[in-house]
Amino acid sequence: MKKFSFIKWFSKRRRKTHSFAMRRAAHLRLGQRGETLALRLLRELGLEFLTRNYAGDKGEIDLIARDGAVLCFIEVKTRHRQRLARPADAVGPEKRRRLVKTAHQYLRELGRPPVRYRFDIIEVVFAEGRCIDLRYHRNAFTEDEIRRPFGSVFPAGMPEAAAGAPPDRG
């Protein structure tokens, strides 16, 4: 029977943990590079940068900028290489809900200013260490889409308030 060696077991375990930590660190660095490129793009387009990585109770907003009188809450999605799906596809309904809630928290902290705002997504794709694709989706989604993911259930032209009213039995 083979003798158990704690030292061998521990060193193998440490290598596995170390490689996971290295991959995680590389993933975070890639995300930071993507945010830096996205920030540069926003400045070139004339947007005023306000803050980066705003952390609220419900989540984080990568970038917050101002486009004239409109406040922009921006999610940056960075990928290492092009896959079948676009990076923006990773911003699903649950992530969008968290972004909206976090944006509301940010606005509360500012004292709820009467300002228009929108939700944007920037996609960054790297290959062989270079950015090969950078796309900016202005107004990528709205709060109404979050509240009613399948659109209105009422027929076109029918006001929603009237749709819930009992029929007139005159």
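Every number in this text was worked out from the coordinates using simple rules, so none of it is lab data. In this text the structure is predicted, and so the values were computed from the model without any measurement. As a convention, Cβ positions derive from the backbone with ideal geometry for all residues, glycine included, and neighbour counts pool all protein chains shown.
Rounded to the nearest whole Hz, the Karplus-based 3J(HN,Hα) values (6.51 cos²θ - 1.76 cosθ + 1.60, θ = phi - 60°) of the range 115-130 follow the sequence 10, 7, 8, 8, 10, 10, 10, 10, 9, 10, 10, 10, 8, 6, x, 10, with x at glycine and proline.
Full extension of the chain segment joining L30 with K95 gains 21.4 nm, where the gain is 0.36 nm per residue of separation less the Cα-Cα distance.
Placing +1 on the Cβ of every Lys and Arg and -1 on the Cβ of every Asp and Glu, with nothing else charged, gives the range 9-151 a dipole about its Cα centre of roughly 940 debye.
Put simply, the amide H of F141, placed in the peptide plane, has neighbours under 5 Å in F119, leaving out anything fewer than 5 places away on its chain.
Amide H contacts for V70 (H built 1.01 Å from N in the peptide plane; partners 5 or more residues away or on another chain; cut-off under 5 Å): none found. Taking other Cβ atoms within 10 Å as a rough exposure proxy, L37, L110, L47 sort from fewest to most as L110, L37, L47. In loop segments of the range 81-148 as defined by DSSP, the GluC sites (Glu not before Pro) with at most 14 further C-beta atoms inside 10 Å of their C-beta are E128.
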